[in-house]
Amino acid sequence: MARSDAEKIFTRIYARNSWRDAESRSGPGSTIARTDLLRSRLSDMVRELQVRSLLDVPCGDFNWMRLTELPGVDYIGADVVLELVRASALHYGIPGRSFVHLDMLSGALPKMDLILCRDGLVHFSFPDIVGALRAIKESRSTYLLVTTFTACTKNVDVPTGDWRPLNLELSPFCFPPALRLIPDGPRPDGTYPDKTLGLYRIQDLPDRLLHVPVTAGCQRLVRRINRVIGRVSERAQRAFGQNRYRLRK
């Protein structure tokens, strides 16, 4: 089967270690230090919700999750990067903990008590977020625990593989208020203290996000217009400067 665009993008990022972290090729957000408090909070939530099955997508290299206590939970780690999946299965696969190669933009997701999508949607374009959310809805799983930035005031589109903060309760996603929030910030430099994992009941998420591609298209059009205006402005300034030079002569 031919690899999808998403698989090519994230496989290239993994192969080049583009996020440049010495501990985890899944990036600095996947280090042990960065997830110190998150791990215990996630364990507490899983226990309180009586979760018995968990899909972690994207699971990355399993660096921090290997230290997360999930007693009695059937864990499935899924990722679009085949090398990551093979390595995790080899080193961490045990009964009740498995790893699968899966593209959440094109493959069906299993029905689970909880889907964990930490640092996943923030790397997707708006249209790809629609595809991922559609797969999550169609899985008929119970809960979604997903990265959201509560202080972000506007969602912008980026190409898949890039990054930006997302507030999923704002347009164009319009999620309902989270059932609860787990703090997942700030970064070591103090930025993004509003990063959280928001818990949502999947059946309560919007059924249709038809305006998301339109919003993405409008934002791309605005960026193109601004680039054109910038180029025209630069040419006008150069022409004005040349005319002033001729007048002086």
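Of everything in region 81-105 that's touching an Asp or Glu at 6+ places or on another chain (Cβ under 9 Å) and touching a residue at least 60 places away in the same chain (Cβ under 8 Å), which residue is surrounded by the fewest Cβ atoms within 10 Å (Cβ to Cβ)?
L82
Quick check, is D204 without any contact (Cβ under 8 Å) to a residue 40 or more places away in the chain, of a type outside the set (V, I, T), under 29 Å from D36 (Cβ atoms) and surrounded by fewer than 19 Cβ atoms within 10 Å (Cβ to Cβ)?
no
Looking only at region 154-175, decide whether some residue is in the same structural domain as F10 (by TED's automatic domain parsing), farther than 17 Å from K195 by Cβ, modelled with pLDDT of 95 or more and in contact with a strand residue (DSSP E or B) (Cβ under 6 Å, 6 or more places away or on another chain).
no
May I ask you to verify whether S43 is in the same structural domain as W163 (by TED's automatic domain parsing) and part of a helix (DSSP H, G or I)?
On the way: in the same structural domain as W163 (by TED's automatic domain parsing): yes; part of a helix (DSSP H, G or I): yes.
Here the answer is yes, as S43 does meet what is asked.
So, P95, is that one farther than 21 Å from E23 by Cβ and either at pLDDT 95 or above or not assigned by TED's automatic domain parsing to the domain that holds I9 (or both) or not?
On the way: farther than 21 Å from E23 by Cβ: yes; either at pLDDT 95 or above or not assigned by TED's automatic domain parsing to the domain that holds I9 (or both): yes.
Considered against the rule, which asks whether it is farther than 21 Å from E23 by Cβ and either at pLDDT 95 or above or not assigned by TED's automatic domain parsing to the domain that holds I9 (or both), P95 comes out as yes.
Mind listing whichever residues of region 125-158 are hydrophobic (A, V, I, L, M, F, W, C) and free of Cβ contacts under 8 Å to residues at least 40 places away in the same chain? Reasoning before the result, please.
Filtering region 125-158 down to residues hydrophobic (A, V, I, L, M, F, W, C) leaves 126, 129-130, 132-133, 135-136, 144-146, 149, 151-152, 156, 158.
Matches in region 125-158: A132, A135, V158.
Working only within region 11-50, note down all residues that are among the acidic types (D, E) and surrounded by 13 or more Cβ atoms within 10 Å (Cβ to Cβ). Spell out how you get there, then give the answer.
Residues of region 11-50 among the acidic types (D, E): 21, 23, 36, 44, 48.
Within region 11-50, D21, E23 qualify.
Among the residues in region 20-34, are any in the same structural domain as L109 (by TED's automatic domain parsing), in contact with a Leu (Cβ under 8 Å, 6 or more places away or on another chain), without any contact (Cβ under 8 Å) to a residue 60 or more places away in the chain and not in a loop (DSSP other than H, G, I, E, B)?
No; the residues of region 20-34 include none that is in the same structural domain as L109 (by TED's automatic domain parsing), in contact with a Leu (Cβ under 8 Å, 6 or more places away or on another chain), without any contact (Cβ under 8 Å) to a residue 60 or more places away in the chain and not in a loop (DSSP other than H, G, I, E, B).
Select the strands (runs of 3 or more DSSP E) contained entirely in region 108-194, then report the ones holding at least 2 residues which are under 15 Å from the mean Cα position of the chain (by Cα).
On the way: elements: 114-117, 143-149, 180-183.
Fully inside region 108-194 and qualifying: 114-117, 143-149.
Quick one: which of L181, L205, L199 is over 28 Å from S18 (Cβ atoms), out of contact with any helix residue (DSSP H, G or I) (no Cβ under 8 Å at 6 or more places or on another chain), assigned by TED's automatic domain parsing to the domain that holds D79 and aliphatic (A, V, I, L, M)? Explain how you work it out, then say what you get.
Details: L205 fails: out of contact with any helix residue (DSSP H, G or I) (no Cβ under 8 Å at 6 or more places or on another chain); L199 fails: out of contact with any helix residue (DSSP H, G or I) (no Cβ under 8 Å at 6 or more places or on another chain).
Just one listed residue meets the conditions, L181.
Specify which of the listed residues (D79, D21, D5) is touching a strand residue (DSSP E or B) at 6+ places or on another chain (Cβ under 8 Å) and at pLDDT below 95.
Details: D79 fails: at pLDDT below 95; D21 fails: touching a strand residue (DSSP E or B) at 6+ places or on another chain (Cβ under 8 Å).
It is D5.
When residues of region 98-108 are filtered for being at pLDDT below 95 and in contact with a Leu (Cβ under 9 Å, 6 or more places away or on another chain), how many remain?
1
The values are calculated or read from the model by the stated rules, or taken from the named source; none is laboratory data. Note that the structure is a prediction, hence the values are computed from the model and not measured. Reconstructed Cβ throughout: ideal geometry from the backbone, glycine too, with neighbour counts over all protein chains shown.
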